[in-house]
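Enquirer: First the structure, which I've put down as C-alpha cells, then a few questions once you've had a look.
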Amino acid sequence: MYPDDKMPEDHRHCIVCGKAIESDKFFCSPSCEDIFKKQQKRMARSRLITMAIFIAIFMVIIVLSYLRT
C-alpha cells in the first residue's frame, strides 16, 4: 500500500480487499488472488447446485402432471 503523498495517480484497487495497487494489477498479493479464486469456485458450485435443483423440480412437476392425466 502506498503512503497518501506517494500514491500514483493511475491506480486501481484490489478486488478482494480494496487496497490501492498499480493499474496493471488486479490483486495486491497472492493471498488475495487465492481468496478470489476460492470465491469463484464456490460461486460456480452454488450455480451448479441451484441449476440442478431447478431441473429436479421441473422434472417432478412434469412427472406429476403426466401422472395426473
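All of the numbers you see were taken from the coordinates with simple rules; none came from a lab. Keep in mind that what you see is a predicted model, and the values were worked out from it rather than measured.
Enquirer: Using the scaling law 2.2 N^0.38 Å as the reference, what is the normalised Cα Rg of the chain? Walk me through the intermediate numbers first.
Expert: Values: Rg = 22.5 Å, N = 69, 2.2 N^0.38 = 11.0 Å.
Normalised Cα radius of gyration, the chain: 2.05.
Enquirer: With everything on Cα atoms, drop me the angle between helix 30-68 and the longest principal axis of the chain, reported from 0 to 90° to the nearest 10.
Expert: 10 degrees
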